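Written out below as structure tokens is the structure these notes cover.
The values are calculated or read from the model by the stated rules, or taken from the named source; none is laboratory data. Being a predicted model, the structure only gives us computed values, none of them experimental. So basically every Cβ, Gly included, is an ideal-geometry build from the backbone, and we count neighbours across all protein chains shown.
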Amino acid sequence: MKSRPKILLLDDESEVLAMYCDILAQLPSKPEIRTATTGPQALALLNSEPFRVFICDLKMPKMDGLQVLSVVRRKHPHLRTVALTSVVDEQFRSRVYALGVDLFWQKPGTDDQIKLFLECLESLLGREDDHGFRGVQSKSLVDLIQLECISQSSVVFRIANGRLTGRIWITGGELVDAETEHEQGEEAFRTIMAWKGGTFESLPAEPARRRTIFKSYNALLLEIAQTMDETRASDLDTAEAPDEAPPETPAPLSAIAELEGVEFVLALKDQRSFEHRGLENAEVKARWARETLARFRALSERLAAGPLQQIQALGPQRHVALAGAGPTDLAVGWQSKLTAPEVARNMKKALALWPS
């Protein structure tokens with residue numbers, strides 16, 4: 001029987017420890033959770049027992065979190081480490097990542113933040129090797145880029161892959177530039193994201209950096225994922241059926257995902273089946289979209305207003321538009337910087353790409 005992974009949680013406030021124990025109990029791997037209220041107590045536990053992940057509050061009296069993490073990284077280099085803070089400071093962030101900490105995280109407050117935090121921790125718990133990027137929760141840089149953009153951070157990442165180096169600039173949660181030795185902008189970003197491992201360091205933000213990348217980070221990551229999928233599929237087709245015809249043009253769903261400002265695409269084919277690009281918890285969002293469309297269509301019938309054309313939901317983090325496309329219903333997430341008329345115009349482009 002496989003043993004349960006162990007997490008050590010350090011915070012000087014007992015109430016906070018109890019709260020985080022309840023949160024960590026939701027992890028699918030059901031880890032064993034130990035706690036400590038002082039740095040010396042945590043170090044003693046780490047010396048006496050094997051742990052998979054160490055979570056440390058940064059602001060503590062006497063021996064603060066940075067001092068503890070500095071000792072831990074020297075004495076336990078293979079231990080996965082997480083730094084928690086209630087106030088995000090860019091210089092603090094740089095110092096934490098310079099120590100080799102895997103994850104720097106502002107203490108989650110909302111359900112969505114807690115869910116994302118747990119997903120990152122679960123990924124850390126599942127990693128028993130040293131492959132990939134130190135400080136990233138998967139074997140690519142995708143998670144790191146998403147976390148920084150979601151938290152609307154400003155930071156510069158320097159990535160090293162052997163003799164190759166590159167940089168990625170993020171300002172206010174927007175991906176603005178990337179460069180390698182021979183590339184700039186989107187091409188450099190694609191090259192860096194294709195690297196399978198290496199190291200990175202967090203550098204101070206450069207707000208005045210000239211912007212060369214104008215697509216959203218979600219759109220670029222969708223394109224990169226699609227390209228990788230197509231490459232794998234092409235290699236498989238070549239190996240199994242070399243005489244087959246070349247692949248056709250991209251599927252409509254992928255074409256819509258490439259439109260400027262798109263964050264996700266969801267196609268509802270019937271009451272059960274759907275396809276999507278760029279979504280987590282797609283089943284939940286598909287259910288919401290079906291229920292919303294059904295209610296508005298019923299309202300349209302009661303008012304004798306004619307067939308439903310389009311629904312727009314505008315929010316501070318994301319806009320969502322829903323509309324029918326023949327036998328299929330489409331839900332498209334748009335960047336919040338778009339105005340309502342821009343969402344309507346772009347949604348028309350999306351519907352035009354979908355076969356009716």
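Details
- Some residue of region 23-45 being of a type in the set (S, T, N, Q), modelled with pLDDT under 90, touching a helix residue (DSSP H, G or I) at 6+ places or on another chain (Cβ under 7 Å) and under 30 Å from residue 158 (Cβ atoms): no
- The conditions of being assigned to a helix (DSSP H, G or I), modelled with pLDDT of 75 or more and more than 19 Å from residue 258 (Cα to Cα) are not met by residue 224.
- Given (1) more than 25 Å from residue 227 (Cβ to Cβ); (2) outside any helix (DSSP H, G or I), number of the condition residue 330 does not satisfy: (1)
- Unmet criterion (only one of (1) within 26 Å of the chain's Cα centre (by Cα); (2) within 27 Å of residue 201 (Cα to Cα); (3) of a type in the set (S, T, N, Q)) for residue 110: (2)
- Filtering 349, 285 for residues that are surrounded by 17 or more Cβ atoms within 10 Å (Cβ to Cβ), touching a Leu at 6+ places or on another chain (Cβ under 8 Å) and basic (Lys, Arg) leaves a single hit, 285.
- Any chance residue 91 is part of a helix (DSSP H, G or I), surrounded by fewer than 19 Cβ atoms within 10 Å (Cβ to Cβ) and at pLDDT 80 or above: no
- Strands (runs of 3 or more DSSP E) wholly inside region 152-198 that include at least 3 residues being more than 16 Å from the chain's Cα centre (by Cα) and in contact (Cβ under 8 Å) with a residue 40 or more places away in the chain: 155-161
- Of residues in region 335-356 being of a type in the set (Gly, Ala, Ser), in contact (Cβ under 8 Å) with a residue 24 or more places away in the chain and part of a helix (DSSP H, G or I), the one nearest to residue 267 (Cα to Cα): 350
- All positions within region 25-48 that are in a loop (DSSP other than H, G, I, E, B), surrounded by fewer than 17 Cβ atoms within 10 Å (Cβ to Cβ) and in contact with a Lys or Arg (Cβ under 8 Å, 6 or more places away or on another chain): 29, 30, 38
- Test: residue in region 268-276 that is of a type in the set (Ser, Thr, Tyr) and farther than 16 Å from residue 222 by Cα: yes
- Residue that is farthest from residue 118 (Cα to Cα), among those in region 8-24 that are assigned to a helix (DSSP H, G or I) and touching a residue at least 24 places away in the same chain (Cβ under 8 Å): 16
Rundown of residues vs (1) in a helix (DSSP H, G or I); (2) surrounded by 21 or more Cβ atoms within 10 Å (Cβ to Cβ), yes/no style:
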| site | (1), (2) |
| --- | --- |
| 50 | no, no |
| 54 | no, yes |
| 61 | no, no |
| 68 | yes, yes |
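- Of all residues in region 258-269, none are over 15 Å from residue 350 (Cα atoms) and out of contact with any strand residue (DSSP E or B) (no Cβ under 7 Å at 6 or more places or on another chain).
- Residue in region 284-302 that is of a type in the set (Gly, Ala, Ser), over 15 Å from residue 328 (Cβ atoms) and under 25 Å from the mean Cα position of the chain (by Cα) present: no
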